[in-house]
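Take a look at the structure below.
The values are calculated or read from the model by the stated rules, or taken from the named source; none is laboratory data. Just so it is clear, the model here is predicted, and its values are computed rather than measured. Methodologically, a virtual Cβ is constructed for each residue, glycine included, from the backbone with ideal geometry; neighbour enumeration extends over all protein chains shown. We work out accessible area using only protein heavy atoms, side chains counted, and drop any ligands, DNA or RNA first. Shrake-Rupley method; radii C 1.70, N 1.55, O 1.52, S 1.80 Å.
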Amino acid sequence: MRGQLSLSIVEASVGVVFILAVTMGFALGVPSPNTERPQLDAYAEDTATVLANEPPRHGGETRLAEVTRSQAAFQREQDSLERRVERLLNDNLLYRIETPHGAVGYERPAGVPAGYATVPTTGGEVTVWVWYV
(Lines give C-alpha, C1' and ligand atoms only; values in the text may rest on other atoms or scores of the structure.)
Protein backbone atom coordinates (compact mmCIF):
# COMPACT_ATOMS: atom_id res chain seq x y z
CA MET A 1 0.00 0.00 0.00
CA ARG A 2 1.23 3.34 -0.96
CA GLY A 3 0.05 6.39 0.93
CA GLN A 4 -2.24 7.71 -1.82
CA LEU A 5 -5.77 8.99 -1.50
CA SER A 6 -8.33 7.70 -3.87
CA LEU A 7 -9.46 10.09 -6.58
CA SER A 8 -13.06 10.11 -5.34
CA ILE A 9 -11.99 11.33 -1.87
CA VAL A 10 -9.99 14.20 -3.46
CA GLU A 11 -12.96 15.14 -5.66
CA ALA A 12 -15.32 15.06 -2.68
CA SER A 13 -12.93 17.26 -0.65
CA VAL A 14 -12.68 19.81 -3.46
CA GLY A 15 -16.48 19.80 -3.82
CA VAL A 16 -16.98 20.40 -0.08
CA VAL A 17 -14.49 23.30 -0.11
CA PHE A 18 -16.23 24.81 -3.16
CA ILE A 19 -19.68 24.51 -1.57
CA LEU A 20 -18.41 26.07 1.67
CA ALA A 21 -16.83 28.95 -0.26
CA VAL A 22 -20.05 29.67 -2.14
CA THR A 23 -22.09 29.42 1.05
CA MET A 24 -19.76 31.83 2.86
CA GLY A 25 -20.01 34.24 -0.07
CA PHE A 26 -23.78 34.32 0.29
CA ALA A 27 -23.67 34.45 4.10
CA LEU A 28 -21.17 37.28 4.34
CA GLY A 29 -22.23 39.05 1.17
CA VAL A 30 -20.27 41.71 -0.59
CA PRO A 31 -19.11 44.88 1.12
CA SER A 32 -21.84 47.49 1.22
CA PRO A 33 -21.29 50.69 -0.71
CA ASN A 34 -20.39 53.85 1.17
CA THR A 35 -23.75 55.51 1.76
CA GLU A 36 -22.59 58.08 4.29
CA ARG A 37 -21.90 60.93 1.85
CA PRO A 38 -25.09 60.52 -0.23
CA GLN A 39 -27.15 60.41 2.98
CA LEU A 40 -25.50 63.60 4.24
CA ASP A 41 -26.16 65.26 0.87
CA ALA A 42 -29.82 64.25 1.21
CA TYR A 43 -30.04 65.80 4.72
CA ALA A 44 -28.46 69.02 3.43
CA GLU A 45 -30.73 69.09 0.37
CA ASP A 46 -33.84 68.53 2.49
CA THR A 47 -32.85 71.28 4.91
CA ALA A 48 -32.10 73.70 2.08
CA THR A 49 -35.40 72.89 0.38
CA VAL A 50 -37.42 73.53 3.54
CA LEU A 51 -35.64 76.83 4.20
CA ALA A 52 -35.93 77.91 0.57
CA ASN A 53 -39.69 77.35 0.60
CA GLU A 54 -40.53 78.90 3.97
CA PRO A 55 -42.08 82.35 4.05
CA PRO A 56 -39.91 85.16 5.39
CA ARG A 57 -40.39 86.46 8.91
CA HIS A 58 -40.20 90.15 7.93
CA GLY A 59 -39.95 90.60 4.18
CA GLY A 60 -38.71 89.14 0.95
CA GLU A 61 -39.70 86.11 -1.08
CA THR A 62 -38.45 83.31 1.20
CA ARG A 63 -36.64 82.88 4.49
CA LEU A 64 -33.31 82.42 2.71
CA ALA A 65 -33.88 85.42 0.46
CA GLU A 66 -34.54 87.46 3.58
CA VAL A 67 -31.24 86.52 5.27
CA THR A 68 -29.25 87.24 2.11
CA ARG A 69 -30.83 90.65 1.45
CA SER A 70 -28.41 92.64 3.64
CA GLN A 71 -25.99 92.39 6.54
CA ALA A 72 -28.59 93.94 8.84
CA ALA A 73 -31.24 91.40 7.77
CA PHE A 74 -28.80 88.55 8.36
CA GLN A 75 -27.90 89.80 11.83
CA ARG A 76 -31.57 90.24 12.72
CA GLU A 77 -32.51 86.74 11.51
CA GLN A 78 -29.44 84.62 12.32
CA ASP A 79 -30.66 83.39 15.74
CA SER A 80 -34.05 82.47 14.30
CA LEU A 81 -32.41 80.69 11.37
CA GLU A 82 -30.17 78.74 13.72
CA ARG A 83 -33.11 77.63 15.89
CA ARG A 84 -35.07 76.57 12.81
CA VAL A 85 -32.23 74.44 11.43
CA GLU A 86 -31.73 72.78 14.82
CA ARG A 87 -35.41 71.79 14.80
CA LEU A 88 -35.12 70.40 11.25
CA LEU A 89 -32.06 68.18 11.76
CA ASN A 90 -31.61 65.07 13.91
CA ASP A 91 -29.59 65.27 17.12
CA ASN A 92 -26.73 63.27 15.57
CA LEU A 93 -26.07 65.95 12.92
CA LEU A 94 -24.16 69.22 13.01
CA TYR A 95 -24.54 71.94 10.38
CA ARG A 96 -23.28 75.19 8.96
CA ILE A 97 -25.32 77.61 6.86
CA GLU A 98 -23.15 79.98 4.84
CA THR A 99 -24.60 83.14 3.29
CA PRO A 100 -22.96 86.15 1.61
CA HIS A 101 -23.39 88.09 4.88
CA GLY A 102 -22.28 85.50 7.43
CA ALA A 103 -22.74 81.97 8.69
CA VAL A 104 -24.63 80.17 11.44
CA GLY A 105 -23.93 76.80 12.97
CA TYR A 106 -20.66 75.07 13.72
CA GLU A 107 -17.20 75.17 12.19
CA ARG A 108 -16.71 72.19 9.87
CA PRO A 109 -13.90 69.96 11.12
CA ALA A 110 -11.27 69.00 8.56
CA GLY A 111 -11.37 65.45 7.28
CA VAL A 112 -14.93 64.70 8.34
CA PRO A 113 -17.32 63.57 5.58
CA ALA A 114 -19.98 66.21 4.99
CA GLY A 115 -22.90 66.68 2.67
CA TYR A 116 -23.93 69.99 1.20
CA ALA A 117 -26.55 71.73 -0.87
CA THR A 118 -26.52 75.16 -2.47
CA VAL A 119 -29.55 77.38 -2.99
CA PRO A 120 -29.45 80.46 -5.21
CA THR A 121 -31.33 83.50 -3.90
CA THR A 122 -31.71 87.05 -5.10
CA GLY A 123 -29.08 88.14 -2.54
CA GLY A 124 -26.55 85.40 -3.34
CA GLU A 125 -25.98 81.71 -2.80
CA VAL A 126 -26.69 79.94 0.48
CA THR A 127 -24.79 76.73 1.21
CA VAL A 128 -26.01 74.19 3.75
CA TRP A 129 -23.35 71.83 5.15
CA VAL A 130 -24.28 68.78 7.27
CA TRP A 131 -22.10 66.16 8.97
CA TYR A 132 -22.38 63.54 11.70
CA VAL A 133 -21.43 64.38 15.30
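Data overview
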item	result
Residue-averaged [θ]222 nm for the chain, counting only DSSP H segments that reach four residues, each worth -39500 (n - 2.57)	-15500 deg cm²/dmol
Solvent-accessible heavy-atom area per residue, rounded to whole Å², over the chain at 1.4 Å	65 Å²
Debye, to nearest 20: dipole size of the chain, +1 on Lys, Arg Cβ, -1 on Asp, Glu Cβ	240 debye
Most fluctuating residue given options Glu86, Glu98, Glu11, as computed from a GNM of the chain linking Cα atoms under 10 Å	Glu11
Sulfur and carbon atoms: percent of accessible area, the chain [1.4 Å]	57 percent
The stretch 74-125: relative contact order in percent, alpha carbon pairs under 8 Å with at least 6 residues between	29 percent
Candidates Ser80, Ser70, Ser13, ranked by Gaussian network fluctuation over the chain, Cα under 10 Å, top entry	Ser13
Length released on extending from Arg57 to Ile19, taking residue separation times 0.36 nm less the Cα-Cα span	7.1 nm
